[in-house]
Amino acid sequence: MKTKASLLLLLLGLIVSTNLFICNDVMAQEAKRPNILLIVADDMGYSDLGCYGGEINTPVLDNLSTEGVRYTNFYVSPTCSVTRSMLLTGTDNHVAGLGNMGELNAPNQMGQPGYEGVLNDDVVTVASLLKDNGYHTYMAGKWHLGLAQDEIPHARGFERDFSLLVGGGSHFNNGWNLEWQIPNAPYTEDGKPVEKLPKDFYSSKNYTDKTIQFIEEGRNDGKPFFAYMAYTAPHGPLQVPNKWLRRYKNHYDEGWDGIREKRLARMEELGIVDEGVNSADRLYFLPRSSGLTPALRVALGRKMEIYASMVEYMDDQIGRVFDYLKEIGEYENTIVIFISDNGAEGNDLRSMVAGQPGSMGFLHGMNSFAENSHNSIGRQGTYAEYGAAWAQVSMTPFRIYKGWTAEGGIRSPLIVSGPGVQGSGELNKDAVLHVKDIVPTILELASVEHPSSFNGREVAPVQGKSWVEMLEGETQSPRGPNDWLGWELFGNRAIRQGDWKISSLYQPLGTGDWQLYNLAEDPGEQNDLSDKRPDKRKELIALWEEYEKTNGVIIGNRSPFERAKKALPDPVPEYDNYPPLRGIEAVPYEKLLEMMNK
Amino acid sequence: MKTKVMDIKSISRSKWLPLYFAIVTTIFSFNMPAVAQDDGARSYWKGRSGTNVMSFQYLPINIGASDSKAFAPGQYIYPNSDVNANVFVGTYSRHMTIFNRASALTVNVIGGSVGATMNASIGSDSLLLPPGIGPGASFSQSSNGFADPNIQLAVNLIGTSKLKSTVDLLNYEPKVTLDIALLVAVPIGKYDNEKMVNLGLNRWYGRIALPFKYHFGVFSPGYMWSFELVPSVYIFAENSDFLGRKLENEPLWSIESHLTCDFTTNFFGSLDVLYQNGFKSKIDGTEVGENIEIGTIGFTLNYSVSDNITLRTSYNSNVFGDDNLETSSIRLQFVYAWNKPSQNAKKLQHGH
């Protein structure tokens, strides 16, 4: 009996100690798993950050780049919701429900699988998976992936959120939406509608406040967090708090050509691009800035000033989150990923939104953002965009901008930093990376498997490739020479494999047919090599067909760019000897001002 | 000052072309030295160098004195008197740059008629009786013609550097400004040494003012607010032939204030306050009467009909200061302003 009792005690002791051991092990594992801070800028250009050659003051992200690694070949989609669908699911947008932007679905895409215009049920978000696997999941900022109760962040895996559900609107508390159909931009907090924004609301500030608040309120249980900071800066309307309005006063009076040249020189210095890089020419329909009056340059430069202030303000706010994480001792255990969601905005979205007099859009504009005088822009109640010429500066050295599958629409800066990321301060120019890679990377870092089903429904597998080996310094790229990437939006499409890219763009910015580029030699996509390498073109077209089939792409029978050919003048190349009167560019700007003042 | 900059669309060259000519800067400015009045709201707002402003004003003025004296300026008003004046002021102003500061030179030509009915019951002060009028008698006098013209130079000291080009105007967002304004009146107006009532003063006088402004809100048409304060002092030379005697006056201190606000891009209003004190007189070395003390409150409405034409009206009446004085005046003003580069830009844009 005594022996039995002793054995029982021993067994009990073993069970208890084993359980304790298991618990300790789990807790130790929990402690080891990193926090993930995913920061997304909205419509920010490839070369705007100081660490990518921009003249905009971004000390926080520049510093992040010295702690982590910058990548020069990181790809997103040409527009925001499309990118976000891939960012949060790791699969192609045509699978995830954003085959097209919900607002712009073509008639033949309506109701088709993959074109729901919201995240569909075929995918699961990284937030849902992390939440189910011991992570706190927070989101602050822009969602743009669905408005219905079962489509909002709270329903798609975020336990805490403060979200702008739509694509954009006023950055201040007057909260107008870009679209007249929903005049007031809908926000949710923890899944419930926000009735009224705070009086001092400014997007970047409040998204930062909320992120810090969520982390603070959830940190006592020791669980790691996944925080998705989806800033709406510097998406139009270009607006910034009054104190920041004149931070870049007169910085851009020189005009876009000079600023772009200087950017390019800094990018060469930093090694972001190769010396003597074949950068894109100024788009043919844009005037050279030296041909504009100093006054017009000041007026146009003001828009870029406000854009730059928005970028710096966002950088400053990101700094607040970093400071907070350092204060609570979590910074060292946090993987930070910073990206932009697409190329800089060069389209005249304001005109599209405001429509023609007599339209509902125009009525909405009258009520919400009619004021746009020189000294007003950037403030509440105004709506300025900085236009195609400055967007090209933001996308130096690439061609075109947001909305197009040229490099200017789909190349984004990428900085990754945090525990385990090897090569502080380095620049990785070898890796060809895609926004779809972020989900598998985060899941691997968090030791979470992507399931084949979720909540009883089958979910699409991730298409991206994890970067973990690359981050740990074991490889230079998750992709080999035969791996390839594909894009399609609004009927514009592209395939990249290795250094080769084919793209088919609407006229007149493209030819409406496939063009072939070698991005290693020609990142500006200036020389169509279709005639020289028909074999390569054919190979890539075959990949496109595979991409189209695999992802269920339906080319829309309507497109926002279908009238681009009529809206823009014929592309007439600018020759060195025409127009014959040249040389005005040689006059220094100060001298020119002096002349104009006489 | 009003600055209009057409917005830029970025889609097509056809939209760009007009923009080469699109910066149209139109400036209106008022720079009116006082004529028994304040300078007026936004008088010291600076325009683009080279801008010309012509203005015509009509001011019906009424002054009623029971037991006090008033100033109009340099006029000595009897107790128990009524003065009615119809004054016309023609002004030419040119905005310029002096020492790299925004400045304005203004010339005022003043004319009209003034009539006064006075009671000489003050009696004991025989020094003030015109020839042929005995103590206790009532009499009327009038005058018409031109008053003393004056010229004023206003130069900014703080807050407004040169406004030579459209670039300067685009960059101009004043917060606090301080000017200095020097006015001199030339004694060539109509003067009769046997009359109490004259349009000319028969003496030099001048004024030093330090106009100060604080701008609220956005410096953009439709959103401008300003608080303006113009402390000034008038200084008078002696009139050696005032009814055959020598008239001297102490300085007249003045402070003028306006709170202005844009109602629309073309329309602003102002609440106006003016306080004046001083001007004690001496005749042949003997002090006569007390300091004049006038405090008026009024309002101004200003409407820009076009880029070149503005209409303005204002009304004021004394509500503090000397209780025995009643003054009221109305201002009706027509302003035409032009600036050569702006006019040329318009011509070019419209294909003239």
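Only the coordinates and a few stated rules stand behind these numbers; no lab work does. Nothing here was measured: the structure is a model prediction, and the numbers come from that model. Neighbour counts are summed over all protein chains in view; Cβ atoms, including those assigned to glycine, are modelled from backbone coordinates with ideal geometry.
With Rh defined as the Kirkwood radius, the inverse of the mean 1/r over Cα pairs, the Rg/Rh of the protein assembly as shown is 1.14.
I'd like the antiparallel share, as a percent to the nearest 5, of DSSP beta bridges with both residues in region A:33-597. So the antiparallel bridges in region A:33-597 amount to around 55 percent. With neighbours defined as other Cβ atoms within 10 Å of a residue's Cβ, the residues A:525, B:248, A:67 order from fewest to most as A:67, B:248, A:525.
Taking a ≥ b ≥ c as the square roots of the Cα gyration tensor eigenvalues, with a/c under 1.5 meaning rounded and otherwise prolate when a/b beats b/c, else oblate, which class fits region A:114-165? Note, shape of region A:114-165 comes out oblate. The charge dipole of the protein assembly as shown, taken about its Cα centre with unit charges on the Cβ atoms of Lys, Arg (+1), Asp and Glu (-1) only, comes to about 1900 debye.
Per-residue Cβ neighbour counts within 10 Å put B:245, A:297, A:558, A:70 in the sequence A:558, B:245, A:297, A:70, beginning with the fewest. Between residue B:288 and B:281, B:282, B:283, the built amide H atoms are under 5 Å apart, and every one of these is 5 or more places off in sequence or on another chain.
Need one word for region A:55-211: rounded, prolate or oblate. Basis is the Cα gyration tensor (sqrt eigenvalues a ≥ b ≥ c); a/c below 1.5 gives rounded, then a/b vs b/c decides.
In terms of gyration-tensor shape, rounded.
For region A:438-447, 3J(HN,Hα) computed residue by residue from phi via the Karplus equation (6.51, -1.76, 1.60; θ = phi - 60°) reads 5, 4, x, 5, 5, 4, 5, 4, 8, 6 Hz, glycine and proline entered as x. Close amide H partners of residue B:160, meaning residues 5 or more places away or on another chain with modelled amide H under 5 Å apart, are B:178. In this structure, the amide hydrogen of residue B:216, modeled 1.01 Å from its nitrogen in the peptide plane, lies closer than 5 angstrom to those of B:225, B:226, B:227, counting only residues at least 5 positions away or on a different chain. The phi torsions of region A:495-501, fed into the Karplus equation with coefficients 6.51, -1.76 and 1.60 and a -60° offset, translate into couplings of 9, 10, 9, x, 8, 8, 9 Hz, rounded to whole numbers, with Gly and Pro shown as x.
Please sort by residue number the chymotrypsin sites (Phe, Trp or Tyr not before Pro) in region B:245-300 whose DSSP state is loop and whose Cβ has at most 12 other Cβ atoms within 10 Å.
Loop-located and lightly packed - B:263.
Counting only other residues whose beta carbon sits under 12 Å from that of residue A:214, what net charge do I get with K and R as +1, D and E as -1? The answer is -4.
Number of Lys-Lys pairs in region A:172-269 with C-alpha atoms under 24 Å apart and a separation of 8 or more places or on different chains: 12. In order along region A:207-219, the Karplus-derived 3J(HN,Hα) couplings, from 6.51 cos²θ - 1.76 cosθ + 1.60 at θ = phi - 60°, round to 5, 5, 3, 5, 4, 4, 4, 4, 5, 4, 6, x, 7 Hz, and Gly and Pro are given as x. When B:283, A:335, B:188 are arranged by Cβ crowding within 10 Å, least crowded first, meaning fewest neighbours, the order is B:188, B:283, A:335.
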